[in-house]
Amino acid sequence: MRPIKNIYDNILETIGNTPMIRLNKIAEDIPATVLAKVEYFNPGHSVKDRMALRMVEQAEKEGKLKPGGTIIECTSGNTGMGLALAAIVKGYKLICTLSDKQSKEKMDILRAMGAEIYVCPTNVAPDHPDSYYSVAERLNREIPNSFYPYQYDNLANREAHYETTGPEIWEQTEGKITHFVVGVGTGGTISGVGKYLKEKNPNIKIWGADTYGSVFKKYHETGEFDEKEIYSYITEGIGEDILPKNVDFDVIDHFEKITDKDGALVTRELAKKEGLFLGYSAGSAYQLIRQMKHELTEDDVVVVLFHDHGSRYVGKVFNDDWMRDRGFLNTEKSTAYDLIKGHKDLKLITAKNTELVSHAIQKMQQYNISQMPVEEGDTFVGSLDDSRLFQMVVSDPSYAEKTVGEIMDKPFPVVEASEDVKSVSRHISKDVSAVLVKLDDDQYHIITKHDIIGALS
C-alpha cells in the first residue's frame, strides 16, 4: 500500500518540532523579546517525551531492553508519560515510582496509560530504602528482564535535547537567540540545549531556574554539595537533592532561586495573560526572567522553555483552595465576614456531644473538613480537630466507640462578623485551630487557620 501523505505510523513519530510563541502582555515590562518554546505540544504533553523515547531506543540498541521486558523508572510524572507512550507502541510493561508530592493528576494519567504506580515519601534521604530512587532500584533487581533508565544519570537524556530541542530553537530564532531559560531537574534539557547553542554561539547565556531546598545554585557557585541546603519544597519538576550526571554545570551560566509561591502565581498569570495553560515549572522559569530583567536589553532574544501542560496541576496550582491553604493567594479580605461570605448560605457542620467519635470522624471525611464544633442543645460545648482525633484512634482504637463529649477539646472562640482579620488571627494558637463567626441571623460559620493565612498572605 502506498503511504498516505502526512500520516504518521505511530504516536512516537509526532514527538518534537514544537512551536515557538511570542510572549506579549506578561512581557510588557521586559526590555528583551521573550519567546516561549511550548513543549506541551508533544503527544505526552511534556518535553520529557523526547528523552524518554531516546532512552528506550538507546537501551534497545545496547541490548538492555528486550522484547516483553519491563521499564522501571523514578519520575515526577512527565518522564513516566513519555515512557508510557514508548512502552505501549513497543510492547513493554511500565512501572513508575513517584514521590507523594506529585499531583494526583499525574498519577491518574499514568495509570490510565497502563503504568503500575508506586507512591513513595518525599521527606526521606535519596538513599533511604523508601525513596522513589531506592524503590525503583529494588524493583529493577527483583524483576527479571527489566530496564531501569534512571533519567538523572542516563546521558541519552541530554543527548536527545542536543540533537532535537537545541537545533529547533536555533532554527526557529534564525540564530538570534541570546539567552536560554529553563527549569532544572534532571539537567538534561538545559545541558543538551545549552551545549548545542554554545557551540553555535558561545556568547549565548544559559540560565537555569532552581528552587529553595535544592542544591544546584550553591554547588554551581561554590563547588560545595551542601546538605544543609536540602529541605522539602512544593514546586514540581525543578530542583534536586542529588547531583545528576546530566547536569553539565560548565554549560550553565547562572542559577536563580525561585520561591514556591512565585512559581505558582506566575503559572496562573501565564494562563490568564497569554492563554498558555502550563505546568508549575513554567511559572518558575518565567519568574527567573523577571528577577534577571536588569541584565537584559532591547536587543536580546530570550527563549524560555515551558516543560508541560497545566492539566497535570488542576488540583494544585489551579485550585484556589490549594493555593490559599499554602498562603499563595493574596486577597482583599479584611473582616471575619469577608472570609465566609462566599459560603455563608452553607450549613455549619457540627457534632453532638452524645454521638460516637467514629460517627464524627465519618462526618469529617464526608464533608472533607478538619475542624468541627460540638453542640449540646443549642450551645457550643467543645470542638474536634482531625489531627488529634487521628492520633487518639491510632494509639487506641477503642476511642472510636467513645462519645464525642468524652474526648472533645474546648469550644472554638466566637468572634463578631465585623472583627478584622488580624484581630481574628490572635485567637489562633497551637491549641486553637479555628474560630466561629456569629452572623446577624444567629447563624454561625467556621474560620480555620488556613483561611486566615490565606487572607493575610
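The values are calculated or read from the model by the stated rules, or taken from the named source; none is laboratory data. All of these numbers come straight from a predicted model, not from anything done at the bench. Please note: Cβ atoms are built from the backbone with ideal geometry, for glycine as well, and neighbour counts cover all protein chains shown.
For the reader, a short list of remarks on this structure follows.
- Whenever a residue of segment 221-238 is loosely packed, with under 13 Cβ neighbours inside 10 Å, its partners that are at pLDDT 90 or above and assigned to a loop (DSSP other than H, G, I, E, B), lying with C-beta atoms within less than 6 angstrom and at least six residues away or across chains, give the pairs Tyr231/Gly213.
To keep it simple, each residue is scored yes or no on (1) under 26 Å from Arg326 (Cα atoms); (2) in contact with a Phe, Trp or Tyr (Cβ under 6 Å, 6 or more places away or on another chain); (3) assigned to a loop (DSSP other than H, G, I, E, B).
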site	(1), (2), (3)
Gly80	no, no, no
Ala84	no, no, no
Leu94	no, no, no
Lys101	yes, no, yes
Lys106	yes, no, no
Gly114	no, no, yes
Ile117	no, no, no
Val124	yes, no, yes
His128	no, no, yes
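- Index of the failed condition, Val215 passing every other in (1) crowded, with 19+ Cβ neighbours inside 10 Å; (2) touching a Ser or Thr at 6+ places or on another chain (Cβ under 8 Å); (3) among the aliphatic types (A, V, I, L, M): (2)
- When Thr75, Thr33 are checked against the criterion of being of a type outside the set (A, V, I, L, M, F, W, C), surrounded by 12 or more Cβ atoms within 10 Å (Cβ to Cβ) and touching an Asp or Glu at 6+ places or on another chain (Cβ under 9 Å), a single residue qualifies: Thr33.
Each row is one residue, and each column tells you yes or no for (1) modelled with pLDDT under 95; (2) in the same structural domain as Arg111 (by TED's automatic domain parsing); (3) surrounded by fewer than 24 Cβ atoms within 10 Å (Cβ to Cβ).
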residue	(1), (2), (3)
Leu276	no, no, yes
Gly283	no, no, no
Lys293	no, no, yes
Thr297	no, no, yes
Asp308	no, no, no
Arg312	yes, no, no
Asp338	yes, no, yes
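- Residue identified as modelled with pLDDT under 95, within 24 Å of the chain's Cα centre (by Cα) and hydrophobic (A, V, I, L, M, F, W, C) among Ile190, Ile234: Ile234
- Sole residue being outside any helix (DSSP H, G or I), of a type in the set (Asp, Glu) and touching a Lys or Arg at 6+ places or on another chain (Cβ under 9 Å), chosen from Glu256, Glu298, Glu240: Glu256
- Listed by first and then second residue, the pairs with beta-carbon distance under 8 Å, at least 6 apart or on different chains, first residue in segment 413-436 and on the phi > 0 side of the Ramachandran plot, second of a type outside the set (Lys, Arg), form an empty list.
- Residues of segment 90-105 satisfying the condition of being surrounded by 16 or more Cβ atoms within 10 Å (Cβ to Cβ) and either in contact with a strand residue (DSSP E or B) (Cβ under 7 Å, 6 or more places away or on another chain) or modelled with pLDDT of 90 or more (or both): Lys90, Tyr92, Lys93, Leu94, Ile95, Cys96, Thr97, Leu98, Ser99
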